[in-house]
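Structure, as structure tokens:
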Amino acid sequence: MSASAPAPSPPPLSRPRVAAIVVAAGQGLRAGQPLPKQFAPWRGKPVVRHSVESLASVGIAPIVVVIPADAEETARRLLAGIDGLIFTAGGATRQESVRIGLEVLAGSQPDKVLIHDAARPVLPEAVIARLIAALDRHRGAIPVLPVVDSLAHCEAGADGAMMGAAARRENLRRVQTPQAFDYATILAAHREWEGPASAGDDAQVAQAWGCAVALVEGDEALHKLTYGHDFAPSGGSAPLPAFRVGTGYDVHRLEAGEDLWLCGVKIDHSHGLAGHSDADVAIHALVDALLGAIGAGDIGQHFPPSDARWKGAASDQFLSHAGTLVREAGYALGNADVTIICEAPKIGPHRDSMRARLAEILGVETDRISVKATTTEKLGFTGRREGIAAQAAVSLIRA
């Protein structure tokens, strides 16, 4: 008996194309941060980076990051290394910012889209999976949590706010983001929105357009950062250490015909330091101390001597970069102590200008900076005036 031919395999199912919009265009004034809260450090990273990394890690692309009009350079730096990002300036309201983000996606025409607020940094993968699965049956889905506290209506009284009728919490839910939609549906809903400019969320826009919105289980970890205390160490499950310390050491050779830069100050001398950059040995030691304190490697990793961009570069760029990384990690400089080791030139006459320059680059008070000098009693390479060495120690305090 001849064998029957195998049945043809069914065609493979195409995977839905899922994109995302991360709304990061607000100013976050209630959070009391020195910069918009979506760019402020939280648990060692900028707030916006947490959720963008979570979306990218499960293969969602492209991700449109909607930012303030003048913040693209900042956003690109804070999100460097994450593929599939598109940056666009937002509008005057959240609803307008979301619509702009949806329009940016029109060229790629995704099947589904997640719309997320950057101020909710912890984005569990399980919530993303539940939302995407719900879109197989519905055109919209949002994550929600039950209301556990008793509720009451607030009424105005002669002596202030008074309790009115009780509200039934059984029928109420706390709404979170990301909110998930069929892309064509939510784009049409935003384009035709005629409600108030400050639409509460995208589910309201979708529902007003006639789209039923399903509810899926949210997660308490999706807490929204709103006030200053949300950025306090107790606001995270793993508080940053109260302080950190770091040390750095560097050496450069002295050569005739080179400029001599120490602590960002140019000094008249018969010899200068040789190196790929301006060879400011004191700043290089300080940069390594700062990077070491936050576990961010060393100066060579961030500014490799093999990179032609840093040929002859002023070392204040390196120190400024290290200071930025310290702030993004959630710390501020407590103090820095730099020791320069050389026989000549004399450092004492330049000490005050050196301290002032380092403080200026790092954006701190001069009294947080110490610059000292010593010799090796004519021993070793520094004693023979073949080079200059420097060492630095820093303390960082939790911001």
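The values are calculated or read from the model by the stated rules, or taken from the named source; none is laboratory data. It should be emphasised that the depicted structure is a prediction, and the values quoted were computed from it without experimental measurement. Because the Cβ atoms are built from the backbone with ideal geometry, glycine has one as well, and the counts that use them run over all protein chains shown.
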**Fill in**
Checked pairs for segment 160-187, first closer than 14 Å to V213 by Cα and in contact (Cβ under 8 Å) with a residue 12 or more places away in the chain, second of a type in the set (K, R) and part of a strand (DSSP E or B), C-beta under 9 Å and 6 or more apart or across chains, list as A180/K112; F181/K112; D182/K112; Y183/K112
**Request:** For segment 277-369, please list each of the helices (runs of 4 or more DSSP H) lying entirely inside it that holds at least 2 residues being over 25 Å from E258 (Cβ atoms).
**Result:** 281-293, 316-328, 351-362
**Item:** Qualifying positions in segment 203-223 - within 12 Å of R139 (Cβ to Cβ) and either outside any loop (DSSP other than H, G, I, E, B) or of a type outside the set (F, W, Y) (or both)
**Value:** A203, A206, Q207, G210, C211, A212, V213, A214
**Request:** Read through the list (1) under 31 Å from the mean Cα position of the chain (by Cα); (2) modelled with pLDDT of 95 or more; (3) among the hydroxyl-bearing types (S, T, Y); (4) closer than 23 Å to G272 by Cβ, then give the number of the only condition that T339 fails.
**Result:** (1)
**Item:** Selection status of V113, touching a residue at least 12 places away in the same chain (Cβ under 8 Å) and buried (at least 22 other Cβ atoms within 10 Å of the Cβ)
**Value:** yes
**Message:** Which residue is farthest from V104 (Cα to Cα), if the candidates are limited to segment 166-181 and must be modelled with pLDDT of 80 or more and more than 29 Å from the chain's Cα centre (by Cα)?
**Reply:** R168
**Asked** So which residues in segment 133-157 are assigned to a helix (DSSP H, G or I) and surrounded by fewer than 18 Cβ atoms within 10 Å (Cβ to Cβ), if there are any at all?
**Response** A133
**Item:** segment 291-304 residues that are within 14 Å of T324 (Cα to Cα), paired with ones that are in a loop (DSSP other than H, G, I, E, B) (beta carbon under 6 Å, 6 or more apart)
**Value:** L291/G297; L291/D298; I294/A329
**Request:** Scan segment 195-212 for residues that are over 16 Å from V175 (Cβ atoms) and either at pLDDT 85 or above or touching a His at 6+ places or on another chain (Cβ under 7 Å) (or both) and jot them down.
**Result:** W209, G210
**Message:** Yes or no: segment 387-395 includes at least one residue that is more than 14 Å from L286 (Cβ to Cβ) and surrounded by fewer than 17 Cβ atoms within 10 Å (Cβ to Cβ).
**Reply:** no
**Prompt:** Which pairs have Cβ atoms under 7 Å, sit 6 or more apart or on different chains, and link a residue in segment 312-328 that is within 15 Å of G264 (Cα to Cα) to one that is of a type in the set (D, E, K, R) and part of a loop (DSSP other than H, G, I, E, B)?
**Reply:** G312/D278; A313/D278; A314/D278; S315/D278; S315/D280
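Table: residues versus (1) of a type in the set (A, V, I, L, M, F, W, C); (2) on the phi < 0 side of the Ramachandran plot.
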| site | (1), (2) |
| --- | --- |
| T339 | no, yes |
| P345 | no, yes |
| S353 | no, yes |
| K378 | no, no |
| F381 | yes, yes |
**Complete:** Checked segment 158-186 for anything surrounded by 10 or more Cβ atoms within 10 Å (Cβ to Cβ) and farther than 27 Å from L225 by Cβ; matches are M162, M163, G164, A166, D182, Y183, A184, T185
